[in-house]
Structure formats: structure tokens, C-alpha cells
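The values are calculated or read from the model by the stated rules, or taken from the named source; none is laboratory data. Only a predicted model underlies this, so the values are computations on that prediction, with no experimental measurement involved. Note: ideal-geometry Cβ built from the backbone for every residue, glycine included; neighbour counts use all protein chains shown. All accessible areas refer to the heavy atoms of the entire protein, side chains included, with ligands and DNA or RNA removed. Shrake-Rupley method; radii C 1.70, N 1.55, O 1.52, S 1.80 Å.
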Amino acid sequence: DTITVQELANRMSERAVDVIRLLMQQGQMMKINDVLDADTAQLVAEDMGHTVKRVSESDVEVGLEGEADNAADLKPRAPVVTVMGHVDHGKTSLLDALRQTDVVAGEAGGITQHIGAYQVRMAGGERITFLDTPGHEAFTTMRARGAKATDIVILVVAGDDGVMPQTIEAINHAKAAEVPIIVAINKMDKPDVDPNRVRTELLQHEVIVESMSGDVQDVEVSATQKMNLDKLEEAILLQSELLELKANPDRSADGIVIEAQLDKGRGPVATVLVQRGTLRVGDVLVAGTEWGKVRALVNDRGEQVKEAGPSEPVEVLGLNGTPEAGDVFSVVEDEARAREITDYRQRVLRDKRAAGAARGSLEQMFSQLKESDKKELPLLVKGDVQGSVEAIIGALDKAGTDDIIARVLHAGVGGITESDVTLAAASNAAILGFNVRANAPARDAARQQGVDIRYYSVIYDLVDDVKAAMAGVLGPEL
Ligand code: GDP
């Protein structure tokens, strides 16, 4: 009486391929019908953020409390929003301006604390949570760690500049994460703006706004003149209604670490975003490889609070160490349990480092693909000139069959950067460089995150490699 990989995945409502991947990261090669002993099953389940009950010496029950939540216990929660876009298009200005629309802080004249996220309260009582780090780096880093922190992406495009390379990157990041976009056409106070040009340019990247008969909302704003911020917030609330965002506030808390640092006076301080349940002072919390008993909670206005519910960002004091941004946290029953889990995780981390992560190598990616039902080969393509990048995308399109396709998550001109590697890691993709190289930070990141980078100077060779890989996924019948 042990449990198979598939069975464990079913009990957790996770995909078997994700369980296999986790086991692989821990150096255990297993297939879908292989059996796990109860200890391993328990640790895997906990690693994937589930709580586990040992029903007998040899069997585990995954107490997936999220699933056990009755529909009646689910309450609407605030949307969590990330702002992305090209440099200088006004992301920071917009985040600052939106922050000042909070009606309650306005009355109290509160002091704003930059803790990595903040919540805005509307006159009607609705709330919106904004992640305070603009750009897609933080967004993708979190996703690479398996955390989904964002419900909605605000894509800022300056009306006088239009769609630029980082706008396209942001679109691709949002799409890869399947997060809906709202377009904010910014700097509308300037005389030389052309919002319709922005809409047309977005069309070319498959972001189709409502006035062009698509379903992406767009709002013309000015961050510096605080123009139409209310309209933007309405658009966010409308989108969040469509998403039917809900969580059960009456359970032990879990969520994501937004940022963390060692503070001279206060010790390790982590800003967390609660995703389910309510986090309280006195709770014992595990975050990544660290744990602690919550000594104090501080909100984005610098006030000490006793608790934080779903979608609320809050600083946590009392941890024994500094977790990493993107780590998942959960409240556990006692300190002994917390110690047990973090000991295990630290051991796994050490082993992983020793073994050298090899998650994204082409071969391993294909073996994972075999387990999943969607036959897609995720790739990033970087080339020296637009013409060759387009030729490669065209050739990869044609290389697809009825059974498998190459999905190009992002393609662009220029060297391979750290940001490319982060996106690849988050999506388990390989990077194909055509007449371009990876810079040093990108190479380091690829090594650390186990992302496979391949270089080519002949398009035929590149396509041939991809075809061979696809054939490998599908087996000998091809
Ligand atoms: P980020 O790099 O995307 O975070 O952009 P910033 O918020 O730092 O803004 C870049 C520059 O554009 C700054 O000089 C801002 O003052 C300016 N800016 C941002 N929003 C607006 C706007 O709505 N109107 C005008 N005229 N300037 C803006």
C-alpha cells in the first residue's frame, strides 16, 4: 500500500507531469505509474504547498484544504495587479498616482511605506492590490518559482512613443502566464500623442482592444496629471468581476513572498501576499526554506495589524531567516512541523545544488512533454536581424505536425539576456540563438536555473534540431 505518481497527483489536483518534474529536481527519475513510499509522497505534497495527513504508517491523505473549501465559504477578493511596459513609459509614475487614489489614506493623511505591494480602497468599498515593483522581471521571477501572484497586467504604453521592444516583451510574458491585459495609454496630456497608432500597433501583437472589436480594455490616462485613473480602476474591477476572483478567508493562510530583506533593527522582514485564509500574529509560518512565529504584521501604511486576509499584502516580522521573492508560504500547526519541513527543503536544496539543476535541458523537457497531453514545444528565439528571426518563426511553424507544435513564446532581435532566461525558466522553454550569443549574466542565470541555450548560424540546422526533438517526443511512429 503505497501510492503511484498519478494517484498522488490526482489527490492533489496537480498535473502528474509537475510531480514528475519535482521528483526529477530531487534526483529521482520516476514515471507516471511508479510507486512512491509514503514518506516521499508526503514530502512531495508538502513541497507543492499541500497539507498532508498521515492516515496510516504507509499511506498519506492530501488535505487539499483549498479544494475542501465549500463554494459557500468563498468570498470575493481584491484583484492583484502588476504594471508592465517599456522603460520611461510611466510605470513608476502610474503606480505612484494610483496609490494616491486610496480614499481612506487620504482622510487619515497616512504615511506610505514601500513594502513591495499596496492596496487601494475605492469610495464604493472595493479594493485593488498593486504589486509595487514595475516591470516584468519580478513578475517572471515569481512565475519561475511556481508562484502565480498576478491576476491582471496593466500594460503601460506611452501615447507619444507607441509599442516598443519591452512592450512586446511584457505582452509575451503576460500571455505566457495567461494573465489578462488592460492597456493604459499614458502621457495623454502631451500634445503629440496618437492613441490610435498605439491601438493599431498592439493589433500586430495580438492585443486587440475593444474599439477594434477585441476584448482587451484600454484606457487613456495621464499619470502625472492624474487623468482617468478612476476609469482605469473601473476597468480593473470589471476585469476582476469577469475573473470571479474568490478565496476562503476562514482557514489557515497561504500565499507568496513578494520581497524579503534583513533589516538591521527588525531582523528578517518579508512582505507576503496572502492568497487564501487569514494570517495572524502568533501563527507559525513556513516560507521556502525559512520559518518563524509571526511576531508582528505591518501593512503598507506602516500600521501594525493583527491579521491580513486574501489579497492583502503585509510585512511579516519574526522569521528566522530571509526567504526569497516568489517563495510560497503557508501556516502550519506548530514549530516542530515547521522545522521538519524546512529541514527537508534545505536538504533538497543542497542536493539540487550539488547535482546541478538541469531542468530545462532539451532532452528532459521532451521527456516531460511525453507525460502531458498538450504536445507543445516551448521555445525562445533570438536572432541578429529581424529578417532571420521571421524566417525561423516561419520555418518552425511549418515544422509542426498534427501531434506537436513549436510554440515560440518570445522572439526578438539582439543578444540573449537574463530576462530571456527568466522567461524560459518560467515556461520550461529552451532558447535558440541565431548568430547571437548570451551575455555573461544570462549565461550565469541559465546555469543556475538549468535553462538550455543553443547557438546556430544556419537556419536549416536549427529547424532540424527542433524537428528531431519533436520526433523524440512522439516516439518512433513519426
Ligand atoms: P518607467 O520607466 O516606466 O517607470 O517611467 P517613469 O514613471 O519613471 O516615467 C518616465 C518619465 O515620463 C518621467 O520623466 C515621468 O515624469 C514622465 N511621465 C510619466 N507619466 C507621464 C504622463 O502621464 N505625462 C507626462 N507628460 N509625462 C509622464
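Which residue pairs have Cβ atoms closer than 7 Å, lie 6 or more positions apart in sequence or on different chains, and pair a first residue in region 184-202 that is at positive phi and open to solvent by 40 Å² or more (accessible area, probe 1.4 Å) with a second residue that is of a type outside the set (A, V, I, L, M) and near the ligand (Cβ under 10 Å from one of its atoms)?
Between residues of region 184-202 that are at positive phi and open to solvent by 40 Å² or more (accessible area, probe 1.4 Å) and residues that are of a type outside the set (A, V, I, L, M) and near the ligand (Cβ under 10 Å from one of its atoms), the close pairs are LYS187/GLY90; LYS187/GLY159; LYS187/ASP160; LYS187/SER222.
Taking the criterion of being among the aliphatic types (A, V, I, L, M), within 24 Å of GLY162 (Cα to Cα) and either away from the ligand (no atom under 16 Å from the Cβ) or assigned to a loop (DSSP other than H, G, I, E, B) (or both), would at least one residue in region 264-277 satisfy it? Before the answer, list the steps.
Kept after step one, since they are among the aliphatic types (A, V, I, L, M), are these residues of region 264-277: 269-270, 272-274.
Cutting the leftovers down to within 24 Å of GLY162 (Cα to Cα) gives us none.
No; the residues of region 264-277 include none that is among the aliphatic types (A, V, I, L, M), within 24 Å of GLY162 (Cα to Cα) and either away from the ligand (no atom under 16 Å from the Cβ) or assigned to a loop (DSSP other than H, G, I, E, B) (or both).
Which residue pairs have Cβ atoms under 7 Å apart, sit 6 or more places apart or on different chains, and have a first residue in region 432-445 that is open to solvent by less than 20 Å² (accessible area, probe 1.4 Å) and a second that is outside any loop (DSSP other than H, G, I, E, B) and acidic (Asp, Glu)?
Hits for this filter: ALA442/GLU418; ALA442/ASP420; ALA445/GLU418.
Please tell me if GLU233 is in contact (Cβ under 8 Å) with a residue 12 or more places away in the chain, within 24 Å of VAL83 (Cβ to Cβ) and surrounded by 24 or more Cβ atoms within 10 Å (Cβ to Cβ).
Details: in contact (Cβ under 8 Å) with a residue 12 or more places away in the chain: yes; within 24 Å of VAL83 (Cβ to Cβ): yes; surrounded by 24 or more Cβ atoms within 10 Å (Cβ to Cβ): no.
Answer is no for this residue.
How many of the residues in region 6-35 are free of Cβ contacts under 8 Å to residues at least 24 places away in the same chain and among the polar types (S, T, N, Q)? Walk me through it before giving the result.
Applying the first criterion (free of Cβ contacts under 8 Å to residues at least 24 places away in the same chain) to region 6-35 yields 7, 9-10, 23, 28-29.
When the remaining residues are screened for being among the polar types (S, T, N, Q), the result is 10, 28.
Adding up the residues that qualify gives 2.
Do we have ALA270 as open to solvent by less than 10 Å² (accessible area, probe 1.4 Å) and modelled with pLDDT under 95 here?
Numbers: open to solvent by less than 10 Å² (accessible area, probe 1.4 Å): yes; modelled with pLDDT under 95: no.
It is false that ALA270 is open to solvent by less than 10 Å² (accessible area, probe 1.4 Å) and modelled with pLDDT under 95.
Just give me the residues in region 285-294 being closer than 12 Å to ALA253 by Cβ and either within 25 Å of the chain's Cα centre (by Cα) or surrounded by fewer than 20 Cβ atoms within 10 Å (Cβ to Cβ) (or both), in sequence order. Steps first, answer last, please.
Here is the first cut: in region 285-294, the residues closer than 12 Å to ALA253 by Cβ are 285-287, 294.
Result: LEU285, VAL286, ALA287.
Quick check: is even one residue across region 5-12 open to solvent by less than 60 Å² (accessible area, probe 1.4 Å) and assigned to a loop (DSSP other than H, G, I, E, B)?
Step one: list which residues in region 5-12 are open to solvent by less than 60 Å² (accessible area, probe 1.4 Å), which gives 5, 8-9, 12.
If we keep only those that are assigned to a loop (DSSP other than H, G, I, E, B) as well, we get none.
No.
Checking LEU297 against (1) within 22 Å of PRO134 (Cα to Cα); (2) assigned to a strand (DSSP E or B); (3) open to solvent by less than 20 Å² (accessible area, probe 1.4 Å), which single condition isn't satisfied?
Evaluating LEU297 over (1) within 22 Å of PRO134 (Cα to Cα); (2) assigned to a strand (DSSP E or B); (3) open to solvent by less than 20 Å² (accessible area, probe 1.4 Å) leaves (1) as the failure.
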